[in-house]
Amino acid sequence: MKTWKLAAFLLAGVAASAPVPVLAQAGAPAARPWMDSRLAPDARTKLLLSQMTLDEKIALLHGAMAMPFGPFKLPAGAIGSAGFVPGNERLGIPALQESDASLGVTNPLMVRGPNDMSTALPSSLALAATFDPTIAYEGGRVVGSEARAKTINVQLAGGVDLARDPRNGRNFEYAGEDPLLAGLIAGESIRGIQSQGIISTAKHYALNDQEHNRNTADSIIGEAAARESDLLAFEIAIERGKPGSIMCAYNLVNGVYACQNDWLLNKVLKGDWGYKGFVMSDWGAVHSLDAFAGGLDQQSGEQLDAKVWFDAPLREAVKAGKIPSTRVDDAAGRVLRAMFTAGLFDRTDKSADIDFAAHADVAQHEAEDSIVLLQNRNNILPLAASAKRIAVIGGHADAGVASGSGSSQVTTPYRKDPLPLATVPIGGEGMMAAFSNVVFHPSSPLLALRSHLKGAQVAFDTGLYPESAAAAARNADVAIVFVYQPSGEGEDVPSLDLPMGQNALVETVAAANPNTIVVVESGNPVALPWADKVGGIIEAWYGGSRGGEAIARVLTGEVNPSGRLPITWPMNESQLPRPAIPGWTAGPTDRVSVDYNIEGSNVGYRWYSQKGEKPLYWFGHGLSYTRFAYDKLAVRGGKTLDAEVTVTNKGDKAGKEVVQLYLTGRPGGAVRRLVAFQKLSLAPGESQRVTLAGDLRLIADFDPKKRRWVVPAGTYSLAVGQDAGSTIITATAKLSAAALKP
């Protein structure tokens, strides 16, 4: 969602308590039968709705941005975060206190005071690189527990939009380019958040796949292609996570704003998928009262819209008979049902202490499993004991690890010695310029390396002057160059090139010392024009609260890297479906057409495979300090698709492997689709028989006329590969014809 420059409007001691709900009890008083916790959420919702006036129902259907800046005041009862919907004392309805949460609980106005902090998890793209849904669930639990400790009960989390363009400024908040991976990772994160009694969203529904001109970009795509790509990712995430709310997006889809798109909200989400939660808008994404009939249930951040459409205009339309009262009951009931399901009526949340040390361990584990070893010439990594002089250069590695900007930015606990929170301003103009700052979470890779390399001399050079960087590199056994790519909400990056002269820095250091390793911290793929001149390259993403420690442990070999790319890295922009970002020269209010029919459902690696293009690195790519072998692939067909394969660690180090099963051929021709994956840990010499269950929707076609997934009968070819472009072992299976409901 869209928030604002926080530092300029920071208020010390923002008042912090929400209206206290009446605790639900078994055998609640007859006057409030909906407070009986023994009843199911649907029954409690029906009982409560029957006692509500029209005004009380409408009060649930719009909420303010709960930050006091400019002309806006902090709403009474709000603790000061992204959004607020007041409670109802008469009926015992608790208030909704909402915060952004893609990478941790954001704290724009320091909910519990000027020093309030939250654990910063690695970026969602980093989380996807773990290929491990259990890690996603544990990270979600951290977010949910910290939200509850801050008396926040709604988390604006669960980014699911696919990475159709590697320049999207918000890709770091999403889970990659593949619908299965994105759906499972986002779904488990949502499930983890909600396990703590918190409502989570899934967002931004749907096809919000570019930030440039995001308020006027029109995503053009056919129904079958949408169902087989972005919508399938949302479908899987909703099935797994069961989010209490869906946040609709800023963009248009086929000419209609996503937040009033009858096809997206009523026909697909609430109709075909049977979704029972409520749809909230993104902040400032409502354009008319038509959104209510289009399927939107709650107007959020109402001050940012031209009108509070879901207040007086809605009331007048209902009284005039233009909108049926049953639709109001439906919308209010969806909000109440989500609240009952999360247990919000059944407790009074109080501010509580947070175990930041334990939560930082979760963040570090996630960061370690997300780091991708892209290149390792001559086994330059892990760092050898013979490397006694190490030069660490650039990337503010002395300060910490980079993070993405925007409403997901988390203020994280920082070390008392000697690191403050470091921020590098990027600048610019326009509304989102306030977010153009790279915050470095104070987990210093430099200090971590010094801690882990007691017997070595680890020197640091800022990298600001290539001459001094080259001198530092020449005097070292190994040079480690840190580079970073700023990216954030509100704008796409103009190219894949690293900014601020960082490519020239790497070239200079590599010329001075052939034993050069590059650590990339980014929210997207970046161009690597110097790759053939350096020994090792790792992608560390935006690493969160303990990203520096994670990087050091991978570089030194204490952790064997096991991350895999959740997004394909192209050679350059010419390989993309849209080499130029649509609307790059358009004005901020100009309508921009973004033609996704070019690739349709063939997002990312599917596009390169279809076109016969070879990218720089395929989806799924990632090296290890050990070697894995595969044997005895067996695939069973019929009405289901299951596979078994034996995986063996052939090296002398323990390691984790991501088993990737791809569909490579089906009736009608060759394809490339990930149909199952599993991450496993193996000791040296250990073998494991892995069972993989495929989702038939991943091999099917969606038929818009029949509104069904159609699986043609015939022979299907499958392969296990170490990325989307490789084949290690193959097998075939015959499948029966099938028609599946969405």
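The values are calculated or read from the model by the stated rules, or taken from the named source; none is laboratory data. Note that the structure is a prediction, hence the values are computed from the model and not measured. A quick note on method: Cβ atoms are made from the backbone with ideal geometry, for glycine too, and the neighbour counts reach across all protein chains shown. The accessibility values were calculated without ligands, DNA or RNA, using every heavy atom of the protein model including side chains. Shrake-Rupley method; radii C 1.70, N 1.55, O 1.52, S 1.80 Å.
For region 274-324, give me each residue that is closer than 29 Å to residue 589 by Cα, charged (D, E, K, R) and in a loop (DSSP other than H, G, I, E, B).
Scanning region 274-324 gives 282, 297, 305, 307, 311.
Could you please let me know if residue 242 is open to solvent by 10 Å² or more (accessible area, probe 1.4 Å) and under 22 Å from the mean Cα position of the chain (by Cα)?
Details: open to solvent by 10 Å² or more (accessible area, probe 1.4 Å): yes; under 22 Å from the mean Cα position of the chain (by Cα): yes.
In short, yes.
Could you tell me whether residue 468 is of a type in the set (S, T, N, Q), over 26 Å from residue 390 (Cα atoms) and open to solvent by 10 Å² or more (accessible area, probe 1.4 Å)? Give the steps one after another, and end with the answer.
Values: of a type in the set (S, T, N, Q): yes; over 26 Å from residue 390 (Cα atoms): no; open to solvent by 10 Å² or more (accessible area, probe 1.4 Å): yes.
So residue 468 fails the test.
Any chance you could count how many residues in region 480-529 are part of a loop (DSSP other than H, G, I, E, B) and within 15 Å of residue 171 (Cα to Cα)? Quick ask: steps written out before the conclusion?
Pass one, region 480-529, residues part of a loop (DSSP other than H, G, I, E, B): 485-487, 489-490, 492-501, 513-515, 522-529.
Filter again for within 15 Å of residue 171 (Cα to Cα), leaving 485-487, 489-490, 492-496, 522-526.
Final tally of qualifying residues: 15.
Quick check on region 414-459: of everything there that is open to solvent by less than 50 Å² (accessible area, probe 1.4 Å) and part of a loop (DSSP other than H, G, I, E, B), which residue is modelled with the lowest pLDDT?
419
Just to verify a result, which residue in region 571-615, among those that are buried (at least 19 other Cβ atoms within 10 Å of the Cβ), outside any helix (DSSP H, G or I) and among the hydrophobic types (A, V, I, L, M, F, W, C), is farthest from the chain's Cα centre (by Cα)?
592
If the requirement is being β-branched (Val, Ile, Thr) and more than 29 Å from residue 523 (Cβ to Cβ), which of these qualifies: 279, 256, 286?
Working: 279 fails: more than 29 Å from residue 523 (Cβ to Cβ); 286 fails: more than 29 Å from residue 523 (Cβ to Cβ).
Matching residue, one of 279, 256, 286: 256.
Sort out which residues of region 120-141 are open to solvent by less than 10 Å² (accessible area, probe 1.4 Å) and either at pLDDT below 95 or in a loop (DSSP other than H, G, I, E, B) (or both), and write them in order of number.
120, 122, 123, 130, 131
Out of all the residues in region 650-666, which are in contact with a Phe, Trp or Tyr (Cβ under 8 Å, 6 or more places away or on another chain) and either in contact (Cβ under 8 Å) with a residue 40 or more places away in the chain or of a type in the set (Asp, Glu) (or both)? Give the derivation first.
At the first step, the residues of region 650-666 found to be in contact with a Phe, Trp or Tyr (Cβ under 8 Å, 6 or more places away or on another chain) are 650-651, 653, 655, 657-661, 663, 665-666.
Correct list: 653, 655, 657, 658, 659, 660, 661, 663, 665, 666.
Name, by its number, the condition in (1) among the small types (Gly, Ala, Ser); (2) open to solvent by 10 Å² or more (accessible area, probe 1.4 Å); (3) out of contact with any Pro (no Cβ under 8 Å at 6 or more places or on another chain); (4) not in a helix (DSSP H, G or I) that does not hold for residue 562.
All conditions pass for residue 562, except number (2).
Considering only region 316-326, state which residues are open to solvent by less than 50 Å² (accessible area, probe 1.4 Å) and under 14 Å from residue 55 (Cα atoms).
Within region 316-326, the first condition is being open to solvent by less than 50 Å² (accessible area, probe 1.4 Å), and the residues that meet it are 317-318, 323.
Scanning region 316-326 gives 317, 318.
What tally of residues in region 388-398 results from selecting those that are open to solvent by 20 Å² or more (accessible area, probe 1.4 Å) and either within 17 Å of residue 501 (Cβ to Cβ) or assigned to a loop (DSSP other than H, G, I, E, B) (or both)? Before the answer, list the steps.
Step one: list which residues in region 388-398 are open to solvent by 20 Å² or more (accessible area, probe 1.4 Å), which gives 388-389, 396, 398.
Right, trim to either within 17 Å of residue 501 (Cβ to Cβ) or assigned to a loop (DSSP other than H, G, I, E, B) (or both) and you get 388, 396, 398.
Residues flagged as open to solvent by 20 Å² or more (accessible area, probe 1.4 Å) and either within 17 Å of residue 501 (Cβ to Cβ) or assigned to a loop (DSSP other than H, G, I, E, B) (or both) within region 388-398 amount to 3.
Kindly list, by first and then second residue, each pair from a residue in region 602-613 that is of a type in the set (Val, Ile, Thr) to a residue that is assigned to a helix (DSSP H, G or I) and at pLDDT 95 or above, limited to pairs with Cβ atoms under 9 Å and residues at least 6 apart or on different chains.
Every condition considered, the pairs that remain are 603/179; 603/230.
If we keep just the residues of region 208-225 that are in contact with a helix residue (DSSP H, G or I) (Cβ under 9 Å, 6 or more places away or on another chain) and closer than 16 Å to residue 704 by Cβ, which is surrounded by the fewest Cβ atoms within 10 Å (Cβ to Cβ)?
If we filter region 208-225 for residues that are in contact with a helix residue (DSSP H, G or I) (Cβ under 9 Å, 6 or more places away or on another chain), which is where we start, we get 208-209, 211, 219, 221, 223.
Going one step further and asking which of them are closer than 16 Å to residue 704 by Cβ, we end up with 221, 223.
On the way: 221: 25, 223: 17.
Across region 208-225, the extreme among qualifying residues is 223.
Looking only at region 649-678, how many residues end up being surrounded by fewer than 19 Cβ atoms within 10 Å (Cβ to Cβ) and more than 18 Å from residue 719 (Cβ to Cβ)?
Counting residues in region 649-678 that are surrounded by fewer than 19 Cβ atoms within 10 Å (Cβ to Cβ) and more than 18 Å from residue 719 (Cβ to Cβ) gives 5.
Hey, among 183, 169, 271, which residue is of a type outside the set (A, V, I, L, M, F, W, C), touching a residue at least 12 places away in the same chain (Cβ under 8 Å) and part of a helix (DSSP H, G or I)? Walk me through how you get there before you give the answer.
Working: 169 fails: part of a helix (DSSP H, G or I); 271 fails: touching a residue at least 12 places away in the same chain (Cβ under 8 Å).
Just a single option satisfies the conditions, and that option is 183.
So residue 298 clears everything in (1) open to solvent by less than 10 Å² (accessible area, probe 1.4 Å); (2) over 20 Å from residue 66 (Cα atoms) except one condition, right? Which one?
The failed condition is (2).
Tell me which residues, restricted to region 247-268, are more than 16 Å from residue 201 (Cα to Cα) and either assigned to a strand (DSSP E or B) or in contact with a Pro (Cβ under 9 Å, 6 or more places away or on another chain) (or both).
Residues satisfying the conditions are 252, 253, 256, 257, 268.
Out of 197, 176, 144, which single residue is assigned to a helix (DSSP H, G or I) and at pLDDT 95 or above? Walk me through how you get there before you give the answer.
On the way: 197 fails: assigned to a helix (DSSP H, G or I); 176 fails: assigned to a helix (DSSP H, G or I).
Residue meeting the stated conditions: 144.
Conditions (1) hydrophobic (A, V, I, L, M, F, W, C); (2) within 18 Å of residue 609 (Cα to Cα); (3) not in a loop (DSSP other than H, G, I, E, B), marked per residue:
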residue	(1), (2), (3)
625	no, no, no
629	yes, no, yes
635	yes, no, yes
651	no, no, no
658	yes, no, yes
661	yes, yes, yes
665	no, yes, yes
679	no, no, yes
720	yes, yes, yes
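Go through 698, 682 for me and flag whichever is within 22 Å of residue 648 (Cα to Cα), modelled with pLDDT of 95 or more and open to solvent by less than 30 Å² (accessible area, probe 1.4 Å). It would help to see each step written out before you state the result.
On the way: 698 fails: within 22 Å of residue 648 (Cα to Cα).
After applying the criteria, what remains is 682.
Being farther than 22 Å from residue 170 by Cα and assigned to a loop (DSSP other than H, G, I, E, B) is the filter here, so list the residues in region 209-227 that pass it.
Hit for region 209-227 is 222, nothing else.
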